Every structure is written in C-alpha cells, then in structure tokens.
Amino acid sequence: MYIHHHTCISPQQTFRNADVEALQENTDNKLKAKEPVYDGIPPGILRRMGKAVRMGIGAAIPIIKQQSTDGIIIGTANGGMEDCIKFLNQIIAYDEGMLTPGNFVQSTPNAIAAQMGLLDKNRGYNITHVHRGLAFENALLDAMLMIRENPGNHYLLGAVDEISDYNYNIDLLDGCYKNEKISNKALYTTSSEGTIAGEGAVMFLVNNDAENALAKINAIQTLHTTDETEVRHALRQFMQQHFAPGQKADMLLTGENGDNRLLKYYTAAESLFDDHTTVARFKHMCGEYPTASSVALWLACYPQPLPPHMIKKQGSAAAVRNIIIYNSYRGLQHSFIHIVITHKK
Amino acid sequence: MSRIFVTGMGMISAIGDAVQKNREALIRKQSGISTLTLFNTKYTGLRPCGEIKKGTQELKDMLHAHEKGTTRSSALALHAFKEAADDAGLSAQQLSSPHTALIGGSTVGGMCLTDELYHDANRSENGSEYLSSYDCASVNLYLQKRYRMGGIINTINTACSSSSNAIMYGARLLKNGLAKCVIAGGTDSLAKFTINGFNALHILSPEKCAPFDRDRKGLNLGEAAAFLVLEKEEDIAGKKTYAELTGYGNSNDAFHPSSLSDEGDGPFLCMQKALEKAGLSAPAISFINAHGTATENNDAVESRAMLRLFGTPPPFASTKANTGHTLGAAGAVEAVFSVLSLYYQEIYPGLHFSNAIAATGLKPETHYRQMSLQHVMSNSFGFGGNCTSLIFSKV
C-alpha cells in the first residue's frame, strides 16, 4: 500500500506550511492541537461539530478535494469525548429530564467518518476502528486489505483523538499522566511515572499506485502483551519476515513517552538495532494519545530530514529509506510498522 | 479465496442465555421486552426494554469474572464468547494462538456505568475501579487478557451496524490469511447514556415495538452479546458447520447523522454489494432478517430499499420485537438467528404486526414455519448512515 497525500493537525506546525524544525513548547501536560482556520466546512455545520469531528474533517478536506475516494477508514479510540461527557453531564444535571440529542449523536465515535461521508457524498466503505491504542493500526491494516481486495481503489485513511477535560481527568486518576507539570521539551529527561496528554488528526490518501508515492507501507503487526521480552522477540521476527536479506532499518521511530514504566519496552526494541540505525522519537511533539502512532507515520513521510529534537541516537545510515515505527500504548498494546520511503528525503 | 464457515455460536439476550434457548423463544414467539427491573433509570415503567434478567453480580459469579473493573458489557461478552468457543471446540491453546483473532463491535462498551463515568470524569481523587473500562475496546481487551489471545484483536464501532462490520472484518482477515480462526461478534448492555440519547431523539416506543407495522411507535432498546466462530474450509475437516458466510457489503447512506435517506441508498447499496460478493442475484435470497427497528424512518426506508432491489422482496421479518434493539450487538445476534434459520430450515416470525405501511404494502412473516432456505440475508443499519448486509448460505 502506498501513501500519496498526508495531512496532520497536531500541537506542532504540521498543517499547511508544515515546519517541524522549531518545537512548540507547552508546560501544562496537555499538548493541544493548533487548529487551523477551517476552510471548506460550511459555518453552520462547523459550529455544531465537536473538536474531534472538526479536526478530522479539517485534516481530510485537502485530501478529499484532490481525489475522490472509494471509502473512509478511521481509527479513533474515543471519537467525540467532549460531546459524550457533555451529554452525560446533561443526564445527571437534568436527572434524565428533557435532553437535546445533538451531543449524543455527535458523541458516537463513528460521527467522524460519517460526517466525512456526508460532506463528500461518499457512499463507499465507511468504518471506524476503536480498539484503543491500536485503533489506528487496525484502520491501517483494514486499508491494506481493502487495497489488496480492490486494486485501483483509493481510500481515505486517518486517525483522530481529542483531549477533553473529562478524559484527561479519568486518565489522570488512572495514573497515565505525570503529577508534576513538565515542559514537553523535557519529556524524555523526567524519570517519573506518567506522560503528557496529546491530541490530533492525521489523514492519508492510500492506494496501490507506486508512481509518485511518498511512501510504501510494507507491513504492520500488532501485539497484546505486558512482557518486554515478547515484544523484542516479535519485533525481531517481524523484521526477519519483512526485510530482504542484508537489509537494515535506517531509522527506528519510537513512541517513547517519558513514562518510566514503559521505558523497558522501548529499550528492549532499541537493543535489536546497531550503529547503522538512527533512533528517533515523536511524543514530545504530539503528546500521548491512543492514535498517536498516526503522527509517527505522518512524520516518517515528511519530505525533509527529521529535525534534531527528534533524534535520540544518530546512526550511520547514509539515507533514510527503511523506517520501523514501534509504539506501545500503556505497555499493553504494541505495534510495528515497516515503511519504505519512496520519495527523496 | 477460501470459503468461510460458521463453526460455533454463542449468545445471551433478553430471550435466553444460550443459542438454543433463543431459538426456542423465537419459535414460541416470545418477546423479551418488559418493564425494567434491574437497570435503574427514570424511564423504568415508561420505556420497556429487552433487559437480561440477570444482575451484573450474578453474571460475574456465574462466570467467575471477578477481575477488577469488569463491566456488565464485558460479562455479557464473556458469557457469549465462552459458549461460542466451546461450541466450536476451541481449546485454550487454540484461543491463545497467534492465528486466532477476536473482532468485536460495541457502541456502549463500559459506558453502561454512566454514573460511575460521570463521577470519575468530574472528581479529583478516589477514582473507581472502572477507570480503564469505559471505552468500547475494554470489552475485547478483557477477553484478550482472560484467554491470553495472541492473534489480531480489534474493536469496531459503527453504531448499530458495529457487529455486522466485525463479522465482515473477521471474514476478510481469514480470506487474506491473517487468521485461521476468527471469533467475531459484539456486545452492548443497557445504559442511561443510550436510553436518554434515543429518548431525546424521540424514537423510543412506550409500548412493545411493532416492526413494519403502519402504527409503529419506535424502538425498544435491548442488551445482548453474541459471537460466531468463523473458520476456513481447509481448516475444518470433520467439524460441525452451521452455515457458510458467502456475502457481505457496507455502504454509507451519506444523508443525515441520525436518519436514513428516503430512497434508502445506503441500505440498497449494502444489500447489492453483499449479493455481488456472494455471486448471487436478488431472487436467490430465500429470507431476510431485516434491521426492522420499528422506528418510523427505518422501517419505511428499509421497505423501499427492499422493493428497489428485489421488486418483490422474499419473506422477511425482524427479531427486534423479541430481543429489543441491542445496538452494537444486533448484527451478531441476528447473524446467529439467520444461521439458525438456515441450519434448521425454519423462519422466525415478527411480532406485533397488524397493518402494512400504506406506501409500501410490505408484510413481514408473522408465523413460525419450516421452509426450504438456501441463502439468508441479514441487515444492520446504524447512525451516521452506516449500512451493512451479510449473506449466509446453507451447507
């Protein structure tokens, strides 16, 4: 499967005139997306959209405008969380009284893919994968299967999740975020439990056309385990299976997130690579959220060399062609993606 | 590509806590719609529901499901999953194999605990035991952990077509060689969230629902879990098979966030795609398990879409008056009913029907009968215009 267009709304300067050299700083443990002016969404509709739906549609519009697609495949763990809890608050506040259904309808996770279909009058395949930390990976796998089954078709593939005060609170109580406030610039130097929250929307146009593609998704694998040895073993097998003999990864892009409880997984993964491979990280840019690996894929397709603030260890590889993304969500859900860069970097 | 067969089934709904009990209830024309007795809401007595008359604690005790943070949705899923896995004779080793996948649909997930969620979202300390159990994925993550499942695990939420899409996705994993065995289905339990949501949309019936009836007053919510075990022809030598999954199709109606287009483009297209996938022409369908929620919008549109595609539609009925609308579980529940119809060569009647909708004149089947069935279609349509149709065929 090949990636042709990619858009990203994130806490960094990634949408229109993308520039990831300079890192936007944030110090309140919530990296909120820099939302653009949303051209192309009718104002009446835009007003009613929750943030997740808005970011998703906003990121999708530049792609939909260029190419009509045969289907929409979205990964989101929570969809419109803000609307969901707003409706919940109404239920409690009005003691199940007369409620307005707007928030309820907007809160279903498939509202994002549904709205895209509605705006684009797209009657093709429309699906929403919600498997928490592997929601985007399952969407990616689905897109790969669709293209294998329907060669010649184009699909809009994407991922969206939002920070709402409510899910931040639930995840904070659950120990996901740091208790002390830190700068995202210092994410990897704090040795404590928890990480910082993030959000964003990333969209890709995918098909099986190699010509003029940005990148090829060669393989993806997902894994559920809490055992880092198992992760290491699976990643080694993954590379043996999908790399040509003698081929090496030029870059390992990991989801390291400053949570000292998860470091063992990333250390185990890194131990499989030698001096050839550059090790890079991305969560200081977008924060941690269930579909953050979509930002890693967007960065892997980024047309310029990745900036120094992303590099953990510079390798000796002359050019970056083969990239492995390894991401772990809460030390339970893991994914490996093998990307081959087909354009010049 | 390989042929896909159903080798095991499990379900729990308001009309029974096992597949055979559900079948007997369907034959007896039993409705599981009743006044709520376990689930606490202001709408008790005002909005009858398809409530499973087993308390959450009772379910957990029965299933030895005392892990911290286990929700009613997860307990119901476990109940149906166990029955399906046992029915297909899957060993613990097979369940934990990297070649066994679990694909589940859900719309409510752990949000059945609406009050707990409210408190956890709004307070600053003393979180409940359910902090990581509210999302839809929590159900399948629970099953994954309990059975140490090693294959692809996925959760799909496309509203009321979620578990039909889970079954379709599972079949595609098998056909593409990414799994040898797939357990696919869905679960949803009653929640203040959905009762209030559907009530705010004015589509909950104050009476027992009457699918396809001229005077229908809306839907009854229900709760259920159902799973089907899907395996490839080459891997099931000598095994009992219930039916073959021959067709599936999904289409987006692209009309409105919570209602279907007048002409039923999405329903029409998904049925058409499923026929194409199965390599069948419309007259080959022997029976349709319709989505038939008994809302004003759904039944009129589904009828028109059936008329458009079939001219004269085959016999059809909806089982929503038996189980209630079980949302994310509905597609799997009705897939099981469709498979039972084929396996036993019988059709289950729709309840509470008196008069046909004037504009379409279509009458659902109202009597249980034995009937020769080759191909049964099962429809599921959800919010956002998400429409999915499955076709099962006789083996």
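The values are calculated or read from the model by the stated rules, or taken from the named source; none is laboratory data. Just so you know, these numbers come straight off a predicted model, no measurement behind them. Positions of Cβ are generated from backbone atoms using ideal geometry, with glycine treated the same way; all protein chains shown enter the neighbour counts. In case anyone asks, the SASA skips ligands and DNA or RNA and just uses the protein heavy atoms, side chains included. Shrake-Rupley method; radii C 1.70, N 1.55, O 1.52, S 1.80 Å.
The requirement of being in contact with a helix residue (DSSP H, G or I) (Cβ under 9 Å, 6 or more places away or on another chain), buried (at least 24 other Cβ atoms within 10 Å of the Cβ) and farther than 30 Å from A:PRO101 by Cβ is fulfilled somewhere in the stretch B:348-359, by at least one residue. Residues in the stretch A:78-88 that are open to solvent by less than 10 Å² (accessible area, probe 1.4 Å), under 25 Å from the mean Cα position of the chain (by Cα) and at the interface with chain B (Cβ under 7 Å from one of its Cβ atoms): A:ILE85 only. Checking each residue in the stretch B:299-326 for being open to solvent by 10 Å² or more (accessible area, probe 1.4 Å) and under 16 Å from B:GLY218 (Cβ atoms) picks out only B:ALA300. Residues considered: A:ILE74, A:ILE91, A:ILE9, A:ILE41. Of these, the only one that is touching a residue at least 12 places away in the same chain (Cβ under 8 Å), of a type outside the set (S, T, N, Q), farther than 27 Å from A:TYR177 by Cα and buried (at least 17 other Cβ atoms within 10 Å of the Cβ) is A:ILE41.
For A:LEU140, the criteria (1) of a type outside the set (Val, Ile, Thr); (2) within 12 Å of another protein chain (Cβ to nearest Cβ); (3) in contact with a Leu (Cβ under 7 Å, 6 or more places away or on another chain); (4) open to solvent by 20 Å² or more (accessible area, probe 1.4 Å) hold in every case but one, which is (4). Only one entry of A:ASN184, A:ASN218, A:ASN260, A:ASN208 meets the criterion of being in contact with a Leu (Cβ under 8 Å, 6 or more places away or on another chain) and not charged (D, E, K, R), and that entry is A:ASN184. Looking only at the stretch A:94-128, residues that are open to solvent by 30 Å² or more (accessible area, probe 1.4 Å), facing chain B (nearest Cβ under 7 Å) and either in a loop (DSSP other than H, G, I, E, B) or under 25 Å from A:ASP165 (Cβ atoms) (or both) come to 5 in all.
Can you name every residue in the stretch A:1-31 that is of a type in the set (Ser, Thr, Tyr) and either outside any strand (DSSP E or B) or in contact with an Asp or Glu (Cβ under 8 Å, 6 or more places away or on another chain) (or both)? Those that are of a type in the set (Ser, Thr, Tyr) and either outside any strand (DSSP E or B) or in contact with an Asp or Glu (Cβ under 8 Å, 6 or more places away or on another chain) (or both): A:TYR2, A:SER10, A:THR14, A:THR27. Taken over the stretch B:177-193, the criterion of being in contact (Cβ under 8 Å) with a residue 40 or more places away in the chain, surrounded by fewer than 24 Cβ atoms within 10 Å (Cβ to Cβ) and not basic (Lys, Arg) is satisfied by B:LEU178, B:PHE193.
Among the residues making up the stretch B:150-165, those that are more than 7 Å from chain A (Cβ to nearest Cβ) and within 18 Å of B:HIS99 (Cβ to Cβ) are B:GLY150, B:GLY151.
Determine if the stretch A:175-189 includes at least one residue that is within 8 Å of chain B (Cβ to nearest Cβ) and under 29 Å from A:ILE3 (Cβ atoms). No, the conditions are met nowhere in the stretch A:175-189.
Residues are listed down the side, and each one gets a yes or a no for (1) on the phi > 0 side of the Ramachandran plot; (2) surrounded by fewer than 24 Cβ atoms within 10 Å (Cβ to Cβ); (3) small (Gly, Ala, Ser):
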site	(1), (2), (3)
B:LEU95	no, yes, no
B:GLY104	no, no, yes
B:VAL108	no, no, no
B:HIS119	no, yes, no
B:SER124	no, yes, yes
B:SER128	no, yes, yes
B:VAL139	no, no, no
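Considering only the stretch B:199-209, I want to know if a residue exists there that is buried (at least 24 other Cβ atoms within 10 Å of the Cβ), touching a residue at least 60 places away in the same chain (Cβ under 8 Å), closer than 16 Å to B:LEU90 by Cβ and within 14 Å of chain A (Cβ to nearest Cβ). Scanning the stretch B:199-209, I find no residue that is buried (at least 24 other Cβ atoms within 10 Å of the Cβ), touching a residue at least 60 places away in the same chain (Cβ under 8 Å), closer than 16 Å to B:LEU90 by Cβ and within 14 Å of chain A (Cβ to nearest Cβ), so the answer is no. Taking the stretch B:65-162 and the helices (runs of 4 or more DSSP H) fully enclosed by it, the elements with 2 or more residues that are modelled with pLDDT under 95 and under 30 Å from B:GLY385 (Cβ atoms) are at B:114-122. Taken over the stretch A:231-241, residues that are of a type outside the set (D, E, K, R) and either outside any helix (DSSP H, G or I) or surrounded by 16 or more Cβ atoms within 10 Å (Cβ to Cβ) (or both) amount to 5.
Does B:PRO283 qualify as being more than 14 Å from chain A (Cβ to nearest Cβ) and part of a loop (DSSP other than H, G, I, E, B)?
For B:PRO283, the condition - more than 14 Å from chain A (Cβ to nearest Cβ) and part of a loop (DSSP other than H, G, I, E, B) - is not met.
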